[in-house]
Amino acid sequence: MPPTPALTAQRLAEFLAALSGVPDGRSLARVAAERAARALAAEVAAVLAADGTVTASVGFPLGRVPATRLAEVAEGTRDEVPVPGAGVCPAVSVPIGGESPGHLLVARSSGGSMMPGWSILDESTMDASIVDGRFTVDELSLVRGMARVLELTQHTRLTLQAERRQAEENTRLLRSLQVRQRLLEQISAVQRAITRRAPLPRILDTITAGARELLGDDVAGLRFRDPDDPGMLLLVSSTGIPEEKAKRVWRLPIEAGGPAASAIERDELVVCDNPAELVPFASSLRTAMAAPVHENGAVVGSLVVGSYQLGRRYHAGDRELLALFAEQVSLAVTDAKTREAIVAAYHDSLTGLASRALFLDRLEHRLAEARAAGAPAPAVLFVDLDRFKTVNDSLGHAAGDLLLVGVAGRLRDCLGPDDTAARVGGDEFTVLLTGVAGPDAARTVASRILDSLRAAFPIHGGEVFIDASIGVALGTDPGQDAEAVVRDADVAMYHAKQRRTRCELFQPAMHDTFVRRLAVEANLRRAIERGEFVLRYQPIVALNSVAAGGNAVTGDAVVGLEALLRWQHPQRGLLEPAEFVPIAEDAGLIVPIDRWVMEEACHRAAGWNARRPADRPLTITVNVSARCLQQPGMPGVVARVLGESGLPPQCLVLEMTESLLVHDTEATVQRLTALRAQRIRVAIDDFGTGYSSLAYLRRFPMDIIKLAKSFVDDIAVDPQASAVARAIVQLGHLLHLTTIAEGIEAAEQLDRLLESGCELGQGYYFAKPLDPEEVEALLFSTGG
Amino acid sequence: MDMTADTRIASPAGDEADSEYRAIARRWFGAGSARSLPAHEAGAQATRQALRGADPALLVVFCSEPLDPAGVLAGVRGVAGEQVPLIGCSTEAVITAQDEAQGVSVVALGGPGFTVRTAFAQPVSHRQRAAGARVATCALDLMAAVGAADAAAAGGATAGPDPSAPSSQPHQVLVMLTDGLAPDHEEVLAGAYGVVGASVPLIGGSASPSARRRTFHMHGQDVLEDAVVGAAIASEAPFGVGLRHGWHRVGEPMSVTHSVNGDVLTLDDRPALRTYLERLDAPPEAYTDPEVFKKFANIRPLGVDRRGGADVRDVSSTKYYRQGWLSCNGEVPEGGLVWLMAGDERSVLAAAGDAVKDARDDLDGVPPLGFLAFDCASRRKLLKESGTREEIRLMVGQAGEAPLVGMYTWGEIARTRGIHGYHNQTLVVLAIG
């Protein structure tokens, strides 16, 4: 038999081997107690905690562990414990150190042999302790050894647990770092896209895809409120959603928006695990999470992710991740809107040309640079399109926009890389020319622009022709700022438009003219308010009712009156239309003036007709401006005036020049038709002198053609003029049009006109334009 | 009539030739057997023989013939009634005074001074500890029942038990029958010990397969497989336990360098099986032929070092023969020491009578009512037929006039001191006083 120290070592080895395989701390104490009892062939063994509580024990019936007695043994105040079935047993306790201090206690029955019957065969190997049960020195050493092994095993287990936890923590950390690395890469990609001004849709797709990838979910989408209808949500980006499904759910009412709508309405991250609410997006979604997206602090949409997986839970880390991606969307959207605002602030949204603000800013810089370097001053061209409004009104605003875009393109083509073109008004453009040597170089560019703009613009399958007027100004005056230079160019442009020279270089005198014009404009506005306009009426007579050889006109011969506008200027006296009507047209004042003329003339005529026999009413002829004819509501206005004045419509003649008929022909025909439907008559003034085309005689509804004064002037001395006049009169007869000859000033003219069959005429031969009192005297004093 | 003297009383059945019985005026222990009868009739006959008095407290049935155990149980119940606590199991052979290895044996005890509680657990496989704990709860129930009865007797029906008061039935034992085909019997015992601790001796054995080559257990009205059954017996008279095996250590010990429960992989850091055979100078065929090895190892157990002796372990199992490991029922702790154990027919036979004598002596002079014997089946193989008959003769001779009945087991249970209780190649005898 091996010596007892070897037995002790053997028992310890058994004990250690048994404890090594124990998986957890709770089982460790129980196994230690059992193994200690086995090693010492004892009935009882126990592991006590430092406070004396029994962690594990073996040898007592269930629920009958004498904890107090065992604690006393551990304290050293007792060395035996009563054990049911074994009597009072000697007990020994040794401390356990380490992280879980306590005691290891063993109690063993005394008296008799361990195993009945063995003593006969094993006397030689039997210890005396077997007889009395007391623990030998070696057994005490064994118990101490087991306590130490238990301590070391606990320490090892705790260390392994800590290492396992650390390893798990490291794994978690590594995983977290990997996730964060991927997150960083995704965010960096998004930031790069934003910085590089990638198209917003691409940025949003990058964010959506990144969110889906990092969260490991099945679908991701981005919904924005419909800017046109905030009650609807638009799917602006998605991934993982089948294309057909995405199209079907592209636009949803907010009530059916599920978590996306909730996040928007509540402005907070929401999680939805009710599959019924997720059906609109993907029918098999189990759960979804949505975070709000902001633009300049206001909620505009939400970023949504969803999963088909049962049991998918969105933990705090997932929520933070989605919130971060939603923030990226917010940044991208805000940035895009900011850029849009910046672009909008400094560029014209239609043409892409610089805005007025940007143009002035650049002009200021160029002026400063030139002045500082002593270099030639930059030049400014002010380009105004002619008849743009006609095109806009006749072909529609879409066509007008296309025209403007086309003009902008041609401007760019005429400029150098350092030049700037801007759109500063509806049909007004400015050009900044740098590096021009002087006015001639600027004029050259202006000519190039004019030539370019004269070419046809293909609009809606047709061709549109426009022209332009350009004013040129140089920033040579060191005291001028950018605004002043542009103003000078504008004045020069106005001058060019007035003189129809197409291009003018600014001269200081123009400024005075412009100032005067502005004054006239201002006075015109006041004239309307103050009633400074007056009408003169020139009688229209039946030529065959005038006594032969005489020019005396009686009231009976007067069949009508033409109303002629005059301005009773407080300083300048009575002004003819030529002195203010163009200004009124440019200033947009002609329409109210025309209306006043019509009202005044109709009222006067109605009053005079009330004093005449009913079978011989006077007609009143009112000149209509192009602007007035272009008003879509013009027939209605005329009808109202007639109604208010009481003048029968057949007594009203609206006179217009041939040139008015050339533009916006369809609309013009419609208005003329509407007017004639009211039995108002239409007269064409200066027939044969303008864009005369016999074709439009058939097309345009008219009643009267007025033979131009220029034809009447030479009718008596020029056979050709006489022949033309006769032809016109006969043409009128053939077309059942009344002919009125204008500007009759001599008897011979009257005779020729009578010979040609002209029915009516007017001119100084019969009467000058009369004021209302003179008209009354004419009409009623002679029995008319 | 002198109640404590051995008084032979005529069997109520008048059948003195086929049964041995012994009855004290009040308490009694009876044994019966039957052979070559149909199952129901065998159970009935053996029970009729065993019931030697009134108030049977416990029936224990051992069945070795290829009989339907349900039929046997029905026959037992048909005679004893439905209420008597009953445990039983299969065995490859029964131990009776009539030297009849095959048959049905029924043990009955009864009369005043006995209280019995039984329990079973099923399945046992993969939950041995829990099964042992479950069965041991009947011992707690028993203690409570005895305590309640004592309290009622002392203070009336409403009085509670007084742990400090002496018990009317202070002697208790838990008889356990485990399944010899299930592994890790030590875990079953550990589970039981975890419940009862040292308060109750554990006695019994593992059921060995009957002629049907399967094990079964009986409890109450049921036949069970993969089970363990137990009967906790409280008695006013003592119990005695004898345990002998007849083996002794030889040579130097070997270190168990790697083992898992009862499977020994290496001894002294070398393959266990080869090391074992080399130490015993085994014939060459034992290294290559598992049947030769089995026969060789059957009478050459190992002894696990214990305080004051060695637990015997039968390592003749060929379960891991091809892996070169030794395997046995019962723990061989890693890190411990094992001895080669030697013995022969003489020492094994001597152990048989000594075991019964030890059990009888353990009664402290109280005459035994009867003996229950749990004998390792490997001892039967070693002794062979003639030796087995001699063993039984020696046992019965020591039993005197008290009936002795038992079974051959595949592992024996005897825990009276300390924590260890599982044995191999051992004879365990329980004397009922």
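What follows draws every value from the coordinates through simple rules; no lab data is involved. All of these numbers come straight from a predicted model, not from anything done at the bench. Positions of Cβ are generated from backbone atoms using ideal geometry, with glycine treated the same way; all protein chains shown enter the neighbour counts.
Does the range B:205-244 classify as rounded, prolate or oblate by the C-alpha gyration tensor (a ≥ b ≥ c root eigenvalues; a/c under 1.5 gives rounded; else a/b over b/c gives prolate, otherwise oblate)? List each step's numbers first, then the result.
On the way: a/c = 3.70, a/b = 1.63, b/c = 2.26.
Oblate, because a/c is 1.5 or more while a/b does not exceed b/c.
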Could you work out how far helix B:377-399 tilts from the main Cα principal axis of chain B, as a 0 to 90 degree angle to the nearest 10? 30
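Taking each residue of B:334-340 in turn, how many C-beta atoms of other protein chains fall within 10 Å of its C-beta, and what is the average? All intermediate terms of the calculation are to be shown ahead of the outcome.
Details: counts 7, 11, 10, 8, 0, 1, 0.
Per residue, the number of nearby Cβ atoms from other chains is 5 on average.
State the extension gain, in nm to one decimal, for the chain segment bounded by A:Asp228 and A:Thr689, taking 0.36 nm per residue of separation less the distance between their alpha-carbons. Intermediate values should be presented prior to the final figure.
Working: separation 461, 0.36 × 461 = 165.96 nm, distance 5.34 nm.
Here the segment from A:Asp228 to A:Thr689 would lengthen by 160.6 nm.
Once you list every other residue whose beta carbon is under 15 Å from the beta carbon of A:Arg676, what net charge do they have if Lys and Arg are +1 and Asp and Glu are -1?
Details: positive: A:Arg671, A:Arg679, A:Arg681, A:Arg698, A:Arg699; negative: A:Glu655, A:Asp703.
Residues close to A:Arg676 contribute a combined charge of +3.
At a 10 angstrom cut-off on C-beta neighbours, averaged per residue, how do the peptides A:629-638, B:170-179 rank from highest to lowest? It would help to have the intermediate numbers written out before the result.
Details: A:629-638: 16.9, B:170-179: 25.4.
Descending packing order for the listed peptides: B:170-179, A:629-638.
Which of the peptides B:310-318, B:229-237, A:369-377 is most tightly packed, and how do the rest follow, going by the mean number of other Cβ atoms within 10 Å of each residue?
Values: B:310-318: 23.1, B:229-237: 25.2, A:369-377: 12.6.
Most protected by this proxy first, the peptides run B:229-237, B:310-318, A:369-377.
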Find, to one decimal place in angstroms, the Kirkwood hydrodynamic radius of chain B, where the mean of 1/r is taken over every pair of different Cα atoms and then inverted. 21.8
Can you tell me the length gained on complete extension of the stretch A:Leu184 to A:Ala677, counting 0.36 nm per residue apart and subtracting the Cα distance? 169.9 nm
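Tell me, B:Ser168, A:Ser302 in order of fewest to most beta-carbon neighbours within 10 Å? If you can, show how the numbers build up before the last one.
Values: B:Ser168 17, A:Ser302 31.
So the ranking, lowest neighbour count to highest, is B:Ser168, A:Ser302.
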Placing +1 on the Cβ of each Lys and Arg and -1 on the Cβ of each Asp and Glu in the protein assembly as shown, which of A:Phe780, A:Val445, B:Gly400 has its Cα farthest towards the positive end of the resulting dipole? B:Gly400
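Sort B:114-120, A:477-483, B:40-46 by the packing proxy (mean of other Cβ within 10 Å over each peptide's residues), most packed first.
Numbers: B:114-120: 22.0, A:477-483: 13.1, B:40-46: 25.3.
Packing proxy ranking, top to bottom: B:40-46, B:114-120, A:477-483.
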Hey, can you grab everything whose amide H is under 5 Å from the amide H of B:Asp68? Only 5+ residues off in sequence or another chain; H modelled, so Pro and N-termini drop out. B:Ala39
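Using a cut-off of 11 Å between beta-carbons, work out the net charge of the residues near A:Leu753 (Lys and Arg +1, Asp and Glu -1, A:Leu753 not included).
On the way: positive: A:Arg726, A:Arg752; negative: A:Glu742, A:Glu748, A:Asp751, A:Glu755, A:Glu759.
So the surrounding residues net to -3.
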With a point put 7 Å past each Cα toward its Cβ, work out how far A:Glu340 is from A:Thr136 in nm, to one decimal. 9.6
Which ³J(HN,Hα) values, rounded to whole Hz and listed in residue order, are derived for the range A:469-477 from phi using the Karplus coefficients 6.51, -1.76 and 1.60 in 6.51 cos²θ - 1.76 cosθ + 1.60 with θ = phi - 60°, glycine and proline given as x? 10, 10, x, 10, 9, 10, x, 7, 7
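Please work out the Cα convex hull volume for the range A:298-457 and give it in Å³ per residue.
Details: hull volume 30.9 nm³, N = 160.
Spelled out: Cα convex hull of the range A:298-457, divided by residues, is 193 Å³.
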What average count of beta carbons from other chains do you get within 10 Å of the Cβ of residues in A:60-67? 4
How large is ³J(HN,Hα) for each residue in the range A:565-582, as worked out from phi by the Karplus curve 6.51 cos²θ - 1.76 cosθ + 1.60 (θ = phi - 60°), to whole Hz, x for Gly and Pro? 7, 9, 10, 7, 6, x, 9, 9, x, 7, 9, 6, x, 4, 8, 9, 4, x
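Would you calculate, for chain A, the mean residue ellipticity at 222 nm contributed by helices, counting each DSSP H stretch of 4 or more residues as -39,500 (n - 2.57) and dividing by all residues, to the nearest 500? Provide the component values of the computation, followed by the final result.
Details: 28 runs with 383 residues, N = 784.
Result for chain A, helices only: -15500 deg cm²/dmol.
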Per-pair calculated FRET efficiency, R0 = 60 Å: A:His365 and B:Ala130 via Cβ, rounded to 0.05: 0.05
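Once the Cα gyration tensor of the range B:266-322 is diagonalised, what are the square roots of 5 times its eigenvalues, in whole Å and ordered largest first, as equivalent ellipsoid semi-axes?
Details: eigenvalues 83, 33, 20 Å².
Working from the Cα gyration tensor, I get semi-axes of 20, 13, 10 Å.
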For chain A, Rg(Cα) over 2.2 N^0.38 Å is 1.96
What are the equivalent ellipsoid semi-axes of the range A:444-589, built from the alpha-carbon gyration tensor (square roots of five times its eigenvalues), in whole angstrom, biggest first? 43, 24, 13
Karplus couplings for the range B:248-254 from phi (6.51 cos²θ - 1.76 cosθ + 1.60, θ = phi - 60°), rounded to Hz, Gly and Pro as x? 9, 6, 9, x, 8, x, 10
Test of understanding: what is the full-extension gain from A:Arg454 to A:Arg611, defined as 0.36 nm times their sequence separation minus their Cα-Cα distance? 51.0 nm
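Here is the link list: A:Lys497/A:Lys706; B:Lys294/B:Lys381; B:Lys295/B:Lys319; A:Lys389/A:Lys706; A:Lys709/A:Lys768. Which ones come out longer than 23 Å on Cα distance? List each step's numbers first, then the result.
On the way: A:Lys497/A:Lys706 29 Å; B:Lys294/B:Lys381 12 Å; B:Lys295/B:Lys319 14 Å; A:Lys389/A:Lys706 28 Å; A:Lys709/A:Lys768 14 Å.
Pairs exceeding the cut-off: A:Lys497/A:Lys706; A:Lys389/A:Lys706.
Kyte-Doolittle mean at least -0.5 and Cα extent at least 20 Å along the axis: which DSSP H helices of chain A qualify? If you can, show how the numbers build up before the last one.
Values: long enough: A:4-20 (23 Å, 0.69); A:25-39 (21 Å, -0.26); A:137-195 (83 Å, -0.41); A:200-215 (23 Å, 0.52); A:316-346 (44 Å, 0.38); A:356-373 (25 Å, -0.26); A:397-414 (25 Å, 0.62); A:439-454 (22 Å, -0.17); A:482-499 (26 Å, -0.44); A:508-530 (32 Å, -0.42); A:590-610 (29 Å, -0.05); A:719-734 (22 Å, 0.64).
Correct list, ordered by number: A:4-20, A:25-39, A:137-195, A:200-215, A:316-346, A:356-373, A:397-414, A:439-454, A:482-499, A:508-530, A:590-610, A:719-734.
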